[in-house]
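The values are calculated or read from the model by the stated rules, or taken from the named source; none is laboratory data. Computed from a predicted model, the values in this text were never measured in an experiment. All Cβ positions, even for glycine, are placed from backbone atoms using ideal geometry, and neighbour counts span all protein chains on display. Please note that ligands, DNA and RNA were not included when accessible areas were found on the heavy atoms of the full protein model with its side chains. Shrake-Rupley method; radii C 1.70, N 1.55, O 1.52, S 1.80 Å.
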Amino acid sequence: MLIAHGIHHVVVCPGSRNATIVHNLHEAGERFTLHPVTDERSAAFVALGLTLATEQTVAVCVTSGSALLGCIPAVAEAFYRHLPLLVISADRPAPWIEQLDGQTLPQNGALQPYCSTHNLVIPHTDEDRWFNNREINAALLSVADGGGGPAHINVPIAEPMFRFTTPELPQERKITKLRPQATRPFPPEVVNTLAKAKLPALIIGQYEAGDLRTEVDALNRNNQLLVLPELLSDVGGSERMNAFDTLCDPRFAPDIVLQIGGHFIHKRFKQWLRQTDCQVIRVGYESLPDTFCHLTCQIETPAKQVLAQLADELPKQHIAVRNAAEALDAEAAAMRQKLLGQCLNEPMLTLQGAVAHLAEALRTRPQNYTLHLGNSSAVRAAQQVMLSGNVPVFCNRGVNGIEGSLSAAVGYALGMWGLHIVVIGDLSFFYDANALWNVELPAGLRILLLNNGHGAIFDHLPGLADSPARDAYIAAGGRVYSAKGVAQTFGIDYQAAHTSSELNDALQGWWNEDAETAQLIEVFLAD
Ligand SMILES: Cc1ncc(C[n+]2csc(CCOP(=O)(O)OP(=O)(O)O)c2C)c(N)n1
């Protein structure tokens, strides 16, 4: 049924209870590509990264007990980012749960509230087989429900388990679900509201389907909407949001906002918009997320059709839109130039400076790479110096966890040949260092590790400096660990950089796409 539903990549974790499932996947030959990963937390994030690279459902197959619970962080991330992550867990037969038998815990519902369990039965009768077929179909179809999300199939397996006597895979019924989409989903009154707005804006949060560039480009070029995208939106213009840091000004306050996509990094912009008087129309499938506190209408439909309709129907060359766009672009360019000028001329490396050096190196390179940002300062520093809409930019922004950034990047790199650049803080790196524990670690992986010996984000939280617990107990400081040994253990190329010139020298060796191993530059930061 996995084959019938088009699943090809499966991340497999070691274990005896799931061994028969892994055996079957392996026996299916080239119909599956299996990726062995030992740490289930990391494995589930690797699968998540693969969903992004392949734009398909990707499964992670784990054994019973706590192995399943290890998948929860990635499942939560997939839930908030609408990614089709399928967890297949092996289980003891139901009568043996809670009997102090080894490696058991209640697995039915273990991934709730992010997804419910399709709990199979050990098939003895035709009715059991009909039930399992129905449940598996439901699980595999549910990954596209509500804009997409994770699913869980729990498979009880009885002993004896290792008699590999079934000659071939059975023929199973596949159920199809059709989701017809309107080509013009907005009713005329909504289009009219936008057409009559004084300053209509399009705000795009994290958006990974990568299918909006043409429509957004048209809306922007024709000044139909003031386009304000995030760095993670996959469309150009995210630097305009930085300009709002200085231009949070009633002149730029939109009266109508069309909101698309997921999370926002720009805290200040978000807070500012909440205090304005705008009216928000959201396109999305979630249950009424009122991000800007002014939601008046939600439309459940794919964003692409909406934007195509608006590009076609909204009046062009809206004067207020054009004036605001020009002012924001000018301010954003000046700010960026000033920041880069400061950062690039400092001999010692700051966090912002290290990311600026990378941005500068990338500026003159072909755009044949993807960018993967760790949470905390990495993504915030990047949003100030990287430009959006040129290459895909990813970040675990669904729940902002620091535990799977590297694994998700490894998963992406497993599904897509080429250079994949990871920018990540030290806590996030060491937390997820098991991502590198991978026999097929892609050689195209390039990691810029921003090592400041603690969680730098806690240096910037107003008032926290007054707590004597901050550095050692909240920000996990006190000792600077080096990734050199980690790199050696996992056989990846390692360079350290303490100054701007050392970093620039190290970066020069990064661009060889035929390099035989992944590469890591560990930047020891001065701030
Ligand atoms: C799983 C998880 N645990 C804890 C946190 C809280 N948290 C947010 S940022 C941060 C520090 C991250 O440090 P680092 O990766 O070194 O980045 P830096 O702050 O130095 O940029 C922590 C612990 C989190 N986001 N996710």
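In terms of Cα atoms, the Rg and Dmax of the chain work out to 24.5, 74 Å.
Here is the P(r) of the range 96-180: all C-alpha pair distances, binned every 10 Å from 0, give 14, 38, 34, 13, 1 in whole percents. Packing-based ranking of 126-139, 229-242 yields 229-242, 126-139, ordered from highest to lowest mean Cβ neighbour count within 10 Å.
Multiplying each eigenvalue of the alpha-carbon gyration tensor of the range 458-527 by 5 and taking the square root yields semi-axes of 32, 15, 10 Å, largest first, rounded to whole angstroms.
Computing FRET efficiency as 1/(1 + (r/R0)^6) for residue 55 and residue 439, where r is the C-beta to C-beta distance and R0 is 30 Å, gives about 0.75. Note that the range 184-245, at 37 °C in a medium of 0.692 mPa s, gets a Stokes-Einstein diffusion coefficient of 262 µm²/s from its Kirkwood radius over C-alpha pairs.
Across the range 46-61, rounded Karplus estimates of 3J(HN,Hα) from the backbone phi angles (6.51 cos²θ - 1.76 cosθ + 1.60, θ = phi - 60°) give 4, 4, 4, x, 5, 4, 5, 6, 9, 6, 10, 5, 10, 9, 10, 10 Hz, Gly and Pro being marked x. Spin-label model, residue 516/residue 295: points 7 Å from Cα along the beta carbon direction are separated by 5.4 nm. Rounded to the nearest angstrom and listed largest first, the equivalent-ellipsoid semi-axes of the range 188-330 from its Cα gyration tensor are 19, 17, 16. Site pair residue 482 and residue 144 shows an inter-label distance of 5.2 nm when each label is modelled 7 Å from Cα along Cα→Cβ. Amide H to amide H distances under 5 Å link residue 35 with 10, 11, 12, where only residues 5 or more positions off or on other chains count and H is placed in the peptide plane.
Sorting 265-276, 159-170 by average packing, meaning the other beta carbons within 10 Å per residue, from highest down gives 265-276, 159-170. Note on the range 339-491: Cα-only Rg and Dmax are 15.8, 48 Å. Whole-Hz Karplus values for the range 424-429 come out as 8, x, 5, 5, 5, 5 Hz, taken residue by residue from phi with 6.51 cos²θ - 1.76 cosθ + 1.60 and θ = phi - 60°; glycine and proline positions read x.
If you take the Cα centroid of the range 222-242 and the Cα centroid of the range 123-138, the two points sit 48 Å apart.
For the range 252-328, GluC sites (Glu not before Pro) are listed when DSSP marks them as loop and at most 12 other Cβ atoms sit within 10 Å of their Cβ; the list is 300. Can you tell me the orientation of helix 351-363 relative to the chain, as the angle in degrees between its alpha-carbon axis and the longest Cα principal axis, to the nearest 10? Helix 351-363 sits roughly 90 degrees off the main axis of the chain.
Taking the 1.4 Å solvent-accessible surface of the chain as the whole, the part contributed by carbon and sulfur is 52%.
Couplings for the range 391-398, taken from phi via the Karplus curve 6.51 cos²θ - 1.76 cosθ + 1.60 with θ = phi - 60°, read 10, x, 10, 10, 6, 6, 9, x Hz in order; Gly and Pro are left as x. Nearest 10 degrees is fine. How inclined is helix 405-415 to the longest principal axis of the chain, computing both from alpha carbons? Roughly 70 degrees, rounded to the nearest 10. For the range 9-156, the equivalent ellipsoid built from the Cα gyration tensor has semi-axes of 22, 17, 16 Å, listed from largest to smallest. The length gained on full extension between residue 322 and residue 275, counted as 0.36 nm times the residue separation minus their Cα-Cα distance, comes to 14.6 nm.
Centre-to-centre, using Cα atoms only, the range 303-328 and the range 24-85 are separated by 39 Å.
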